[in-house]
1. In vacuo Debye scattering of the range 2-117, one point per C-alpha: log10 I(q)/I(0) at q = 0.24 Å⁻¹?
2. Give me, ordered by chain and number, the residues 5 or more places off ILE149 or on other chains with an amide H under 5 Å from its own placed amide H.
3. Considering only protein heavy atoms, what per residue accessible area in square angstrom results for the range 2-117 with a 1.4 angstrom probe?
4. For the range 33-63 and the range 148-166, what is the centre-to-centre distance using only Cα atoms, to the nearest Å?
5. For the chain, what is one quarter of the convex hull surface built on the Cα atoms, given in nm²?
6. Under 5 Å between amide H atoms, partner at least 5 residues away or on a different chain: which partners does ILE49 have, H built in plane at 1.01 Å?
7. For the pair VAL28 and LYS56, what calculated FRET efficiency results from E = 1/(1 + (r/R0)^6), where r is the Cβ-Cβ distance and R0 = 25 Å, to the nearest 0.05?
8. Using a 1.4 Å probe, how large is the accessible area of ILE129, given in Å² and rounded to the nearest 10?
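The values are calculated or read from the model by the stated rules, or taken from the named source; none is laboratory data. Since the model is a prediction, treat every value here as computed from it, not as a measurement. A quick note on method: Cβ atoms are made from the backbone with ideal geometry, for glycine too, and the neighbour counts reach across all protein chains shown. Please note that ligands, DNA and RNA were not included when accessible areas were found on the heavy atoms of the full protein model with its side chains. Shrake-Rupley method; radii C 1.70, N 1.55, O 1.52, S 1.80 Å.
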Amino acid sequence: MKILVIDDDVKICEVIKLYLEKEGFEVVVAHNGMDGIAMFKNEMPDLVILDIMLPKKDGYEVCRELRKISNIPIIMLTAKGETFDKVLGLELGADDYIVKPFDPKELIARIKAVLRRTQGEVNDEKVVIYPNLTVNLTTYEVKLEDKVIDMPPKEIELLYFLASHPNKVFTREQLLDHIWGYNFVGDTRTVDVHIKRIREKIEKDKYPWKIKTVWGVGYKFEI
């Protein structure tokens, strides 16, 4: 899982990055609000740690902007400890609020708690489960109504990636980068072909989920 830290204090960012990477998270960092929003759109993190007192755009503005485009969990980590600040942060859409100075171990516990609430239990096995559908990237196995579906690796990886981010829209270019890699030589039709094959194998009208085409943008796993 990838975490974006938006904080202008370089030392705090280094401490957070060190502790989170020990826990197995991937960490990316931005030191001002404008860069934070841009990095969010490029990196597509699973969670954001957000300071309030930031250059260019403060944390309240950043939170407001991010909530316009995503429901990804946001934890505010700030020296502003007044009740008014906490209430405002939570009302703007933050999922948790931690006041500096903080204990890194508590921060990690809060991150895992928020991720459990929003994405299910965090564990080492890469598996997503929906009604009648299980996609296990650890074993490269897809089950539909407990029946194993024959799929090549790239189809499984693509399905897993979309299903791991329910209701989030990805462009074809983003899917190419994540599944095939930045150095892939090919065009976006590769994604379309793989989506078509996946749909043929698993989609039925009776299921409460589907891979939806968002015209002019890309695809999402809709539940």
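1. At q = 0.24 Å⁻¹ the computed log10 ratios are -1.68.
2. Those lying under 5 Å, H to H, from ILE149 are VAL142, LYS143, LEU144.
3. Dividing the accessible area of the range 2-117 by its residue count gives 48 Å².
4. Computed from Cα coordinates, the inter-centre distance equals 30 Å.
5. Directional mean of the projected Cα hull area for the chain stands at 13.2 nm².
6. Amide H neighbours of ILE49: LEU4, VAL5, ILE6, ILE75.
7. Details: r = 18 Å, r/R0 = 0.70.
Plugging the Cβ-Cβ distance into 1/(1 + (r/R0)^6) gives 0.90.
8. 120
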